[in-house]
1. Reachable lysines from A:LYS249, Cα under 28 Å, same-chain residues fewer than 8 places away excluded?
2. Using a basic spin-label model with each label point 7 Å from the Cα along Cα→Cβ, how many nm lie between A:ASP66 and B:PHE60?
3. Find out how many positive minus negative residues lie around B:ALA173, taking Lys and Arg as positive, Asp and Glu as negative, among other residues whose Cβ is under 15 Å from that of B:ALA173.
4. At a Cα cut-off below 17 Å, give the aspartates and glutamates reachable from A:LYS251, other chains included and same-chain residues fewer than 8 away excluded.
5. Take every Cα pair under 8 Å in chain B that's 6+ residues apart, average their separations, divide by the length, and report that relative contact order as a whole percent.
6. In percent, how large is the relative contact order of chain A, given Cα pairs closer than 8 Å and 6 or more residues apart?
7. Just the Kirkwood number for region B:206-267, please: inverse of mean 1/r across all distinct Cα pairs, in Å, one decimal.
8. How big is the dipole moment of chain B about its Cα centre under a simple scheme where the beta carbon of each Lys and Arg is +1, that of each Asp and Glu is -1, and everything else is neutral? Debye, nearest 20, please.
Amino acid sequence: MVEQPKIHLEHVGFTYNATSATTGAEPVEALKDVTLSIPPHAITVIFGPSGGGKTTLLRLINRLNDMLSGTRRTGQVLLDGQDIYAHDVSVVELRRRVGMVFSLPLPIPGTVRHNVTYGLQLAGMRDQTVLDNALVRSLQQAALWDEVKDRLDDPATALSGGQQQRLCIARSLALEPDVLLLDEPTSGLDPISTAKVEHSLMELKKHYTIVIVPHSVQQGARVADYAAFFLMGELMEAGPGRQVFINPKNKRTEDYITGRFG
Amino acid sequence: MCGARMNDQEQQPRREARVEPVSTARGLGQGRDHHWGEFLVENAIRVLGFSAIGFVVLIFLFLLQEGLPTFFRVELPILFGQRWYPTFDLYGTMPLILGSVLVTIVAIAIALPLGVATAVFVREVAPNWAREILKPMIETLAGIPSVVLGFFGMTIVAPLVRDVLGAPTGLTAFTGALLLAYMSLPTIISVAEDALDAVPKSYRDAGLAMGATRWQTIWRVVVPAARSGIITAIMLGMGRAIGETMAVMMVTGNAARMPVTADSLFRPVRTMTATIAAEMGEVARGSTHYHVLFGVGIILFVLTFMINLAAASVIFQKRRRGGLR
Ligand SMILES: Nc1ncnc2c1ncn2[C@@H]1O[C@H](COP(=O)(O)OP(=O)(O)OP(=O)(O)O)[C@@H](O)[C@H]1O
Ligand SMILES: [Mg+2]
């Protein structure tokens, strides 16, 4: 890669319940010495069997694991070459640059409009025209505008599951992040909604860096520009999507893709 | 017996021809035993359930039977008049109703912010070990008998109120409201805390991930998500406050004056519950006064019922919209 990676993980390790003296829970080493570069303006697929540490990895990139107690993190996570865990980094700023969409579509309480513009309002934006523009733009980018343009003031929970999921994507996009992290964003969706989400991802990657944990190997193969295969917290293989999914170098990757385990 | 038979079978070598019919027979036998037990338990529960409902209905009917004559014996303008002097056949319930309303509203105005803030603290801010200590302590508070609190109110709170305010007496509506607030706090805190606890962790993640600070996430995402539970908490606290008798009777001074002047909060007041409790012992059964006291009971019941109805409608509305997840 000639271009500077958008995100670079350097010998990253992460352990849950590392200081288990108080709780008595077993330590879980969720990530082990992971070194991985994520290129800009492309879709990077993180895949592998359950418990492999994929969610942990995504949550590390926008520091959602900070709130958990008793964890141990090693290594460095660089965003545009800058260590996001450095002392002078504002977590709130970071999370505005790195959006995250979760596997359960979870609108915050309130209307469709509120869900999309709320992040901007939190960031201190008061100008109504700016908010309205952001509302339209992000709903369009999430391929949801046509379906909700007459329902902007309905409660968000009145939307269908697929619409709610795209609403959550729009919510992240409203903040114009650099990076969009998606954790199994289509796990509860029907094939048509899934196709819509995938389609909008293809559009979005022109402007954003996208990291996605797919809900199936097939989906991974469909959207991947780059792919990384995780097994029990270890990075087994990473490279261009075509190569990883069609011509994997690692025996385990091949076994997993062809369905021999996992 | 059934179990023993099953074990025997499992020790036998499995042959398909045998396993089929035997297992069918076993299934039937078990089904019959099951059915009888089921029948008994089901009916026992049904009887208990219906008798509970039956008692409530009986009490309600009794209340109606004793209370309804009020509305024929006493003219309505007098009944809802401003003067409560039973000795002179003046049964104006307005001071009592307004007294209850005033004390209850002020109590809730005090308890609501405190209770919700405490619930947020216990659930969202306090470290685990502190929460483990705080929760049972708060729940224990709910168990303090109200007469004890009333005594505490008379000997400690009332003099304090008198000295601080320079009022002629410390037995005021405000003193009652303070005690009631204190009494409804445990209910409000623990119900609101449960509501916050029921908000999926992912709401917090969602708030944080969109760039909210921890406080913004708590106040603007988690608390609204728990809104219906918190409203229930308030309604339950209010129900407790409006129905409370003993403590209120001991500290509010019990003067049946209309609390309509600006300083009413710091003057004695008399509530519906206190009136019933204080006067029921001395009235002749069947007298007008006797019926009026039951009439006051009906009014109290209707008020409480309306509060509960309001709470329920808030919750149902929320459910219909799919807001509870
Ligand atoms: N909060 C937590 N506390 C303790 N252990 C955890 C926690 N979250 C995850 N783990 C453990 O860390 C390991 C990796 O979990 P992670 O959620 O990252 O896996 P995943 O690859 O996303 O799996 P899936 O495909 O099922 O979502 C698992 O063994 C899991 O049990
Ligand atoms: Mg996961």
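The values are calculated or read from the model by the stated rules, or taken from the named source; none is laboratory data. Everything numeric here is computed off the predicted structure, so don't read it as measured data. Note that we place each Cβ from the backbone using ideal geometry, even for glycine, and neighbour counts take in every protein chain shown. These accessible areas exclude ligands, DNA and RNA; they are computed on the full protein's heavy atoms, side chains included. Shrake-Rupley method; radii C 1.70, N 1.55, O 1.52, S 1.80 Å.
1. Straight-line reach from A:LYS249, under 28 Å: A:LYS6, A:LYS32, A:LYS54, A:LYS205.
2. 5.4 nm
3. On the way: positive: B:ARG162, B:ARG257, B:ARG267, B:ARG270; negative: B:GLU244, B:ASP263.
Neighbourhood net charge equals +2.
4. Straight-line reach from A:LYS251, under 17 Å: A:GLU234, A:GLU237.
5. Numbers: 387 pairs, mean separation 75.7, N = 325.
Computed over chain B, the figure is 23 percent.
6. Numbers: 503 pairs, mean separation 68.1, N = 262.
RCO, chain A: 26 percent.
7. Values: mean 1/r = 0.0650 Å⁻¹.
It works out to 15.4 Å.
8. Taking the Cα centre of chain B as origin, the dipole is about 880 debye.
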